[in-house]
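Asks: Sharing a structure below in C-alpha cells format, with a few things to ask.
Just so you know, all these numbers are worked out from the coordinates, no wet-lab data involved. Nothing here was measured: the structure is a model prediction, and the numbers come from that model. Because the Cβ atoms are built from the backbone with ideal geometry, glycine has one as well, and the counts that use them run over all protein chains shown.
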Amino acid sequence: MNVLSVRLKQATSTLALCGALMVPTPAFAQNAEEAEADRTEIVVTAQRREERVLDIPLAIAAVTAADFDKRGARRLQDLQFSIPGLNIVETSPGSERLQIRGISQQAGLPTVATYIDEMNMNPNAVTSGLDIRSVDLERVEVLKGPQPTLYGEGSMGGTIRYITANPDLDKIVGRGSAEFGAIEGGNTGYRGEAAVSVPLVPGKLAIRVAGAYEDTGGYVDTRFGKDQNATRYTTGRIKALFRPSDSFEVSALYMHHEWDQKDASYAFDDGTYIFPDSLPQPAKGQYDVANLVATADLGFADLVSSTGYLKSSGSLDVFFPFAFPVAPGVNIPLSFGSRTSAEFERWTQEFRLTSSGDGPFKWLLGATYTDDAIKNGNGQLPITTPIALTPGQTSKAWAVYGEGSYTFGAATLTLGGRYYSDKRSDNGRTQDNTFNTFNPRFNLSIKTGDSGLVYLNASKGFRSGGFNTPGLFAPGEETYGPESLWTYEGGFKQQLIGKTLTVEGAIYYHDYSDIQSVLLPITNAPSIGRTINSGVARGWGQELAIVARPDKTFTATFTVGHNDLTYRTASLAVLPGDPLDNVPEWTASAAIDYRKPVSDNVTIFASADVSHTSGFFSTLRLFQTLAIVQRTGEPFPLVVRALPRDIVNVRFGAEFGAITAYVFGRNLTNNFNAVYAGGVIQANQGARPRPRTFGAGLSFNF
C-alpha cells in the first residue's frame, strides 16, 4: 500500500465522438467450446447481480483470465490502455496511482475504489493502491464513473473489482505456468504460478490453493551496481467454498502478498541514476486480507453478508538531490534522504439484500461499517535502528444505500443513493471531524432489441476530507475538506452483422469541485507539503471500442479514449487551464488474435497488440517558492510532462492438449519514456518502464 509514499506526484481539446469500453474475451469459468461459440456472453456481478456486460447500462470493462494469459499480462496495468479512460501510474511497488476518466489527484484518499471479491482494499491514506497481481483470477471488472450506490466513498472515477477463481465442488482441477524473459540492457526476469482445486466433500465443500513468485529483473544502473531495480513478488491464497444446499453457501478467502524492490526505477534516458552521494531507494511491503462471504437465497431476495479484514505494512526510502545557489553560477550540492514506514488495519462488515426474480421491479438494499487505523513513522537516512510507529489517523465510517429499477417496455429507469458518514480522528493532535454526504444515481436505458441498448446516467461521487501532518505551514491549514464530483454520461452498446461486430461508446461530462491538491511548505525546507482544497475542474470525455470477430479463428479489437478535464479556477496550487495530474489526453489500443486448430490436439495461436498514450502533465507551481535548484543549476520545473508512449507486444505459440508453449516479445519498440515524469523528488528523471524483453513460457492445466 502507499500510505508509505512521500513523493509528490505530478491535455486540452474536446472531441464530440461517442465512446466506450473494451469488450473482452469470455470469462475464465467458460470452457473453450462455449468461448468459441460467443465471445460476448461474459457475465459479471458489477451491479451485485449476475448480468451480461452488454445488458448493463453503464460503461463496464471485464478483463478475464483468458485476456491476461493471451496478452502475457501480470497485472491490470499491463492492459490499461485497452480500457479507455483507465490510467495507472506506479512510482514503486505498492505505490499505484489509479485514475479512471481523468479523476486523479496527488493528495488525499484514493479516487478509485478497489475490491478483491467483496473486500474493499482501498488504503485509508495518500492516493494509492495496493499491488494486486493476476494470480488465479476469474476476471477483473472495471466500472467507469462514480459508483455512489453500490461502492460508495472513493469510487469517484470508478471501481475496480478483482474476482478470484472459486473452488470446483465436483472435481480436482489445476493449472500451472513458468516464464522467463531477457531484458535488453538488464538481466533476466522469471515467474512461476500454480493453482489446484480439490473437493473435500464432493458437491458441497472444496478448497482452492494458488501461489506465485516473480522476479521482474532489473534494468536501472546506480553507483551501487547494475540492474538494481529488480522487484520480487510473492503471493499465496487459499479459498474455501461450502455449499450445503442450493439456497446457502459460504466462501472464505485468505491471501498474503509481499514485495521487495532493491532500488527504485527512477532513471535518466540512458538507464542510469547516479549521483556521487546517491542512496538506494528500496521499497518493501506486504498485506494480508481475509474475506468471509455468506449468501442465502430467501426466495424473494438474496441476502449477502461480507466480513473483511485487511492489514498492510511497508517502508519506502527516498533520496532527494538538489542544490543551493550561493552566487550566480555557484551551487552547493545537497541531498535529503528519508524513510517512511506505516501500518494500516481495517475491519469491515457489509449486509446486502438483492431482490430475486425477473419481474419489472428490481431492488437492492445494503449497509456497511468500516473501522480503519493507521500507524506511521519516518526518519532521516541513514537509519540504523527500526523506526518507531505511532498512531495516526483513524476512520469509523458507516453507510446505508439502496437502489430500485423498473422496466416498462424496452425502457428501464433506475434510481439509487447512499448516505455516508465518516468520523475521522488524528490521534497525533486529538482532533476529529465527521464528513457526511448523500450521493444519488439516476439512470435511464432503452434496449435496442436483444443485441444492444442506449443509456443516460447521472451520478455523484464523494471523497472525504482529512488532516494534514503538522509541519512548516501557515496557521489554519490543519484540516482540508471533502470534495465532490457530478458526472453526466450518455452511451450505447450494440452488436451488428450477426454479432460479429460489437461497438460500444460513451460521452461524459465532469463537474469536479473542492479538489484536494498539494500545498508546499512556506519555508525552504525540502519537506513534503500538505493538502488544500484548490478549486473546480470541468470537462468532457469520450470513449470508443470496436471488436470484430468474423469467424472463430480471428478477433480484432480497437479502442480510443479522450479526456479534456481542466481546472477552471485559480488557487495557490493551479491555474485555469491546467490539466489534472497524470491524466493523458488520448489513449488508444489495437489488438489482433488468431487461433487455428491444425489437428485434434494441436492449436496454433498468434497475437499482437499496440497501445498509445499521449503523455500527461504534473503541476508543481508552488515549487517556485523554494529557493533551491536542481543539481544542474536549473530551476525546478513548474510543470513536468511524461512524454507519449507507444508499446508493441507479440506472442506466438501452440496448445498441445493440456500443455501450452509460447514465445513473446514485449515493448518491441524499446520505448523508455517515463511512466511517471518525476516531480519534487526526481524533477528531471522519471520512473522508467521495462525495456524491450524477449522470453518464453510453458503452462498446463488438468
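Asks: Provide the per-residue ³J(HN,Hα) series for the range 148-159, in order, calculated from phi with Karplus coefficients 6.51, -1.76, 1.60 and θ = phi - 60°, each as a whole number of Hz, with x at glycine and proline positions.
Replies: Running phi through 6.51 cos²θ - 1.76 cosθ + 1.60 with θ = phi - 60° gives x, 5, 8, 10, x, 4, x, 8, 6, x, x, 9 Hz.
Asks: Among Leu365, Thr394, Gly404, pick out the residue whose Cα is farthest towards the positive end of the charge dipole of the range 333-433, where Lys and Arg carry +1 and Asp and Glu carry -1 on C-beta, about the Cα centre.
Replies: Towards the positive end, the residue furthest out is Thr394.
Asks: Along the Cα-to-Cβ line of Ala658, 7 Å from the Cα, sits a label point; which residues in the range 163-194 have backbone N less than 11 Å from it?
Replies: 172-176
Asks: What distance in nm separates the two pseudo spin-label positions at Ala570 and Gln431, each 7 Å out from Cα along the beta-carbon direction?
Replies: For Ala570 paired with Gln431, the spin-label model returns 2.8 nm.
Asks: Okay, next question. Enumerate the amide H contacts of Ala264 below 5 Å, restricted to partners 5 or more residues apart or on another chain; note that Pro and chain-start residues carry no placed amide H.
Replies: Result for Ala264 returns Gln281.
Asks: Follow-up. Kindly list the residues of the range 209-227 that lie in the label zone of Asn187, defined by a backbone N under 14 Å from the point 7 Å along the Cα-to-C-beta vector.
Replies: 215-222, 224-227
Asks: Continuing with this model, one more query. Could you run the Karplus curve 6.51 cos²θ - 1.76 cosθ + 1.60 with θ = phi - 60° over the range 373-383 and give me ³J(HN,Hα) per residue in whole Hz, x for Gly and Pro?
Replies: 8, 10, 10, 8, x, 8, x, 8, 6, x, 10
Asks: Separate question: Compute the separation of the alpha-carbon centres of the range 329-395 and the range 43-79 and state it in Å as a whole number.
Replies: 26
Asks: Continuing with this model, one more query. Using per-residue counts of other Cβ atoms within 10 Å, averaged over each peptide, order 165-175, 593-603, 570-580, 240-250 from highest down.
Replies: Highest-to-lowest ranking by the protection proxy: 570-580, 165-175, 240-250, 593-603.
Asks: Just one of [x] 18, 54, 26, 2, 0; [y] 13, 44, 37, 7, 0; [z] 14, 27, 31, 23, 6, 0 is P(r) over Cα pairs in 20 Å bins from 0, in percent calculated from these coordinates, so which is it?
Replies: Read-out taken from this structure: [x].
Asks: Then there is this: Please list, in chain and number order, the residues 5+ apart from Gly686 or on another chain whose amide H is under 5 Å from its amide H, with Hs placed from the backbone.
Replies: Amide H neighbours of Gly686: Ala267.
Asks: So what are the ³J(HN,Hα) numbers for the range 193-210, from phi and the Karplus equation (6.51, -1.76, 1.60; θ = phi - 60°), rounded to whole Hz, Gly and Pro as x?
Replies: 9, 8, 8, 9, 10, 10, x, 8, 10, x, x, 10, 9, 8, 10, 10, 10, 9
Asks: Here's something else I'd like to know. Using +1 on the beta carbon of Lys and Arg, -1 on that of Asp and Glu, and nothing else charged, what's the dipole of the chain about the Cα centre, debye to 20?
Replies: That gives a dipole near 660 debye.
Asks: Please get the size of the charge dipole for the range 117-207, origin at its Cα centre, with Cβ charges of +1 on Lys and Arg and -1 on Asp and Glu, quoted in debye to the nearest 20.
Replies: Working: 8 positive and 12 negative charges, 23 e Å.
Dipole of the range 117-207, to the nearest 20 debye: 100 debye.
Asks: Run the Debye formula on the Cα coordinates of the range 91-209, all scatterers equal and no solvent, and tell me log10 I(q)/I(0) at q = 0.10, 0.13, 0.21 1/Å.
Replies: Each listed q corresponds, in turn, to -0.45, -0.70, -1.07.
Asks: What distance in nm lies between label points placed 7 Å from Cα along the C-beta direction at Phe248 and Ala388?
Replies: About 5.1 nm, to one decimal.
Asks: So what is the relative contact order of the range 32-701, in percent, for Cα pairs below 8 Å that sit 6 or more residues apart? Provide the component values of the computation, followed by the final result.
Replies: Working: 2001 pairs, mean separation 76.5, N = 670.
About 11 percent, as a whole number.
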